[in-house]
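A.B. asks: Below you will find the structure I want to go over with you.
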Amino acid sequence: MKDWISAYTAAQNEALLSVSPAAIERVVLRLKQAVDEDRQIFAFGNGGSGANASHFATDLGKGSSDALGKRFRVLSLNDNIPWLSAIANDYSYQDVYWRQLDNYARPGDVALTMSVSGNSPNVVKAIEWCAAKGVHTVALLGGARGRVAELADEVIVVDSRHYGRVEDVHMNICHILCYAFMEKLKA
């Protein structure tokens, strides 16, 4: 068991170190522009990525806003279960994100998604919708990259296809994005 744990943590560290600091910096600057221009920020994903999107929205909306002295207008599209289920039931599960964006998003807003595969149909449709509507897109992806890598404006890839590792590194990235405002760019 100890050897397996050591190998797992070594692979986890390798996955984290595969991420480009320059790519993260570009997203920090995009978020800074969004808060300065009073733009809306939307986060979303499926499963563990959806949990990460909710966590990110909480940290950015509270902790980063408190430290910066400006309020991030951030919303996780995963958090309204009745709306998600109504869209999924009445239309299609593939529509659960873009149909919410259709109500809220405006050109110049930011949509940040997380997907290990980069091929989830509901994420792909949302990113396509954003591209057509002038919403800037950020994608945190796994090593498979998928269709979303071809569509998003900013792409951060974790060089692994292991779901747990990629989701963990995505949360690391989200914390970096938030703590950039709490520690580096604070008021």
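A.B. asks: For Thr137, list long-range residues whose amide hydrogen, built 1.01 Å from N in the peptide plane, is under 5 Å from its own amide hydrogen.
C.D. replies: Distant-sequence amide H within range of Thr137: Ala111, Asp153, Glu154.
A.B. asks: Now, a different point. Please identify every one of the GluC sites (Glu not before Pro) in region 1-83 that sits in a loop by DSSP and has no more than 10 other beta carbons within 10 Å of its own beta carbon. Walk me through the intermediate numbers first.
C.D. replies: Working: sites: Glu14, Glu25, Glu37; in loops: Glu37.
The qualifying sites are Glu37.
A.B. asks: Taking amide H positions as placed in the peptide plane 1.01 Å from N, state which residues far from Ser76 in sequence (5 or more) or on other chains have amide H under 5 Å from it.
C.D. replies: Answer set, sorted by chain and number: Ala43.
A.B. asks: Enumerate the calculated ³J(HN,Hα) couplings along region 8-18 in order (Karplus 6.51 cos²θ - 1.76 cosθ + 1.60, θ = phi - 60°), each rounded to whole Hz, writing x wherever the residue is Gly or Pro.
C.D. replies: 4, 5, 5, 5, 5, 4, 4, 5, 4, 6, 6
A.B. asks: Long-range amide H contacts for Ser18: which residues qualify at under 5 Å (H placed 1.01 Å from N, peptide plane, sequence gap of 5 or more or a different chain)?
C.D. replies: Asp159
A.B. asks: Considering only C-alpha atoms, what is the centroid distance from region 1-77 to region 108-187, in Å?
C.D. replies: Each part's Cα centre sits 9 Å from the other's.
A.B. asks: I would also like to ask the following. Per-residue ellipticity at 222 nm for the chain, helices alone: DSSP H runs ≥ 4 residues times -39500 (n - 2.57), over residue total, nearest 500 deg cm²/dmol?
C.D. replies: On the way: 9 runs with 100 residues, N = 187.
Taking each H run of at least 4 residues, the total per residue is -16000 deg cm²/dmol.
A.B. asks: Please go through region 62-158 and write out the chymotrypsin sites (Phe, Trp or Tyr not before Pro) that DSSP classes as loop and that have at most 12 other C-beta atoms within 10 Å.
C.D. replies: Passing sites in region 62-158 are Tyr91.
A.B. asks: Something else: Please give me the summed charge of the neighbours of Val166: other residues whose Cβ is under 14 Å from its Cβ, Lys and Arg +1, Asp and Glu -1. Write down the numbers at each step before the final one.
C.D. replies: Values: positive: Arg145, Arg161, Arg165; negative: Glu14, Asp159, Glu167, Asp168.
Residues close to Val166 contribute a combined charge of -1.
A.B. asks: Within the set Lys62/Lys125; Lys32/Lys133; Lys2/Lys184; Lys62/Lys133; Lys125/Lys184, which residue pairs have Cα atoms separated by over 31 Å?
C.D. replies: On the way: Lys62/Lys125 29 Å; Lys32/Lys133 21 Å; Lys2/Lys184 37 Å; Lys62/Lys133 28 Å; Lys125/Lys184 35 Å.
Over 31 Å apart, Cα to Cα: Lys2/Lys184; Lys125/Lys184.
A.B. asks: Another question, if that's okay. Across region 104-109, in residue order, what do the Karplus-derived ³J(HN,Hα) couplings come to in whole Hz, using 6.51 cos²θ - 1.76 cosθ + 1.60 with θ = phi - 60° and x for Gly and Pro?
C.D. replies: Here the 3J(HN,Hα) series is 9, 6, 10, x, x, 5 Hz.
A.B. asks: For region 173-179, just list the computed ³J(HN,Hα) in residue order, Karplus coefficients 6.51, -1.76 and 1.60, θ = phi - 60°, integers in Hz, with x standing in for Gly and Pro.
C.D. replies: Result, rounded to whole Hz: 4, 4, 5, 4, 4, 6, 6.
No lab work stands behind these numbers, since they all come straight from the coordinates. The structure displayed is predicted, hence computed values, not measured ones. Using ideal geometry, Cβ is built from the backbone for each residue, glycine included, and neighbour counts are taken over all protein chains shown.
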